[in-house]
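The values are calculated or read from the model by the stated rules, or taken from the named source; none is laboratory data. Note that the structure is predicted; figures quoted are calculated from it, not measured. Cβ atoms come from the backbone with ideal geometry, glycine included; neighbour counts cover every protein chain shown. Side chains are part of the model used for accessible areas, which takes the heavy atoms of the whole protein and leaves out ligands, DNA and RNA. Shrake-Rupley method; radii C 1.70, N 1.55, O 1.52, S 1.80 Å.
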Amino acid sequence: MNPEKNRVKSIIVMVVILLTSKEIYAQEIVKTTNNLISPFKISGYIESYYSVDLSRSANDRKSPLFVNHNRDNRLAVNLAFLKTTYDTENIKANFALAVGTYMRANYAAEPGFLKNLYEGSIAVKLSKENNLWFETGIFSSHLGFESAKGDDNWTLTRSIANENSPYFESGGKISHTSNDGKWFVSALILSGWQRITPVNGNTLPSFGTQVTYSPSSKITLNSSTFIGTDTPDRMRLMRYFHNFFGVFKLNDKLAATVGFDIGIEQKNKGSSAYNTWFNPTAILRYTPTTNTAIALRGEYYDDKNSVIVSSISPNGFKTWAFSTNFDWRITKNFLWRIEARSLVSKNSIFTRQDGGTTNNDTFLTTALAMSF
């Protein structure tokens, strides 16, 4: 056989082996790198807004009733956060820092760095056979059907119910989801009513439960409870709260959410007499196209003893609220919204620009949200 041909054949074989080895090695590097990186994800969100109060504008802030979109007649950022998540089969973790007018209003009682700690928790799977998890840290509240992140909600502004119940909680919770996904149950031990650091002088933890039932993709029913106190030991007033809501997909374009909250709190330490507050809420959402949506909301909030909502009225806070909302999903990452909202109270509790008071308050709000 020709020696020259043998030499060429040997070179070709060596090159093929080399290239194949490199390809296999490269694939292994990519695979190993992906395995190391894939559990970690970085996401972000920013929502800017402009709101005009047609009834008051005595200063640049709305009523203390609101912690979201609470600035008047100025462009502001309601919430902006950067979030890192770690997600594997047995361990999940979240960490997010945030700024914005929501953070300044709702985290005002927290010290230092905690004023900007939007979320920070770790969850461990306790059972391989069952979807049973234990989570500890700072996490979203188990109460209510709305969150601080705007584009998760059907309306631009939040309902009075959600604005005056916890958006976040700290503590620990154990939760279980059934294998068919229809049931979710959890039990919680918490540092208080929307508290990272407990109220000074309070040594009693708070407790909560949540049960969610979804018999089909068209119906979700939720029942959540809170038992605890938001006062120091020396003047402890026990608080009991129940949050119920249902989400119903009526057809391909129409959906509804209905909710009812009720709470009681002791009038005095050790008393068997209680102050009560309650509120029903209903939202109807119509999505004519995949990128647009219209929402109508009606709600009533009754806190005659000013347990949750402080009021100068002798009748406490008794207010109806109505809103209409339009959404346009510009792209996958951008959402533009506009909303008109009006509140009507039994008494004149809203301050006008001239220093007087009125029983109604109307404002327009627009917002642009970006997520990645």
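Candidate cross-link partners of residue 269 among the aspartates and glutamates, defined by an alpha-carbon separation under 19 Å and a same-chain spacing of 8 or more, comprise 230, 233.
Of interest is the spacing of the C-alpha centroids, which for the stretch 311-372 and the stretch 116-186 amounts to 26 Å.
Going through [x] 24, 53, 14, 6, 3, 0; [y] 28, 63, 8; [z] 23, 42, 26, 8, 1, the figure that equals P(r) over Cα pairs in 20 Å bins from 0, in percent as computed for the structure here is [x]. Bridgeable aspartates and glutamates around residue 332 (alpha carbons under 19 Å apart, same-chain partners fewer than 8 residues away excluded): 47, 151, 152.
The figure for residue 129 is an accessible area of roughly 140 square angstrom, using a 1.4 Å probe on the protein chains alone. Simple spin-label estimate for residue 74 and residue 272 gives 5.2 nm between the two label positions (7 Å along the Cα-to-Cβ direction from each Cα).
Equivalent-ellipsoid semi-axes for the stretch 278-333 (Cα gyration tensor, √(5λ), whole Å, largest first): 34, 11, 8.
Residues of the stretch 131-152 with an amide N closer than 16 Å to a point placed 7 Å from the Cα of residue 332 along the Cα-to-Cβ direction: none. Straight-line cross-link reach from residue 346 at under 23 Å between alpha-carbon atoms covers these lysines, not counting any fewer than eight positions away in the same chain: 62, 304, 318.
At the residue level, residue 230 shows approximately 40 square angstrom of accessible surface with a 1.4 angstrom probe and all protein chains present.
Taking the C-alpha atoms only, the angle from helix 3-37 to the longest principal axis of the chain is near 10 degrees. Using the Cβ-Cβ distance between residue 85 and residue 197 with R0 = 22 Å, the FRET efficiency computed as 1/(1 + (r/R0)^6) comes to roughly 0.35. Remark: for residue pairs 83/253; 92/115; 149/182; 218/267; 182/267, the C-alpha separation exceeds 30 Å in 83/253; 218/267; 182/267. In the chain, the DSSP-assigned H stretches of four residues or longer account for a calculated mean residue ellipticity at 222 nm of -4000 deg cm²/dmol, using -39500 (n - 2.57) per stretch and the full residue count as denominator. Summing +1 for each Lys or Arg and -1 for each Asp or Glu among the other residues whose beta-carbon sits under 12 angstrom from that of residue 287 gives +2. Taking a ≥ b ≥ c as the square roots of the Cα gyration tensor eigenvalues, the stretch 140-186 comes out oblate, since a/c reaches at least 1.5 and a/b does not exceed b/c. Which of rounded, prolate, oblate describes the stretch 108-238, given a ≥ b ≥ c as roots of the alpha-carbon gyration tensor eigenvalues and a/c under 1.5 marking rounded, otherwise prolate only if a/b is larger than b/c? Because a/c hits 1.5 or more and a/b exceeds b/c, the stretch 108-238 counts as prolate. Taking trypsin sites (Lys or Arg not before Pro) across the stretch 263-372, the ones in a DSSP loop with at most 11 further Cβ atoms lying within 10 angstrom of their Cβ are 332.
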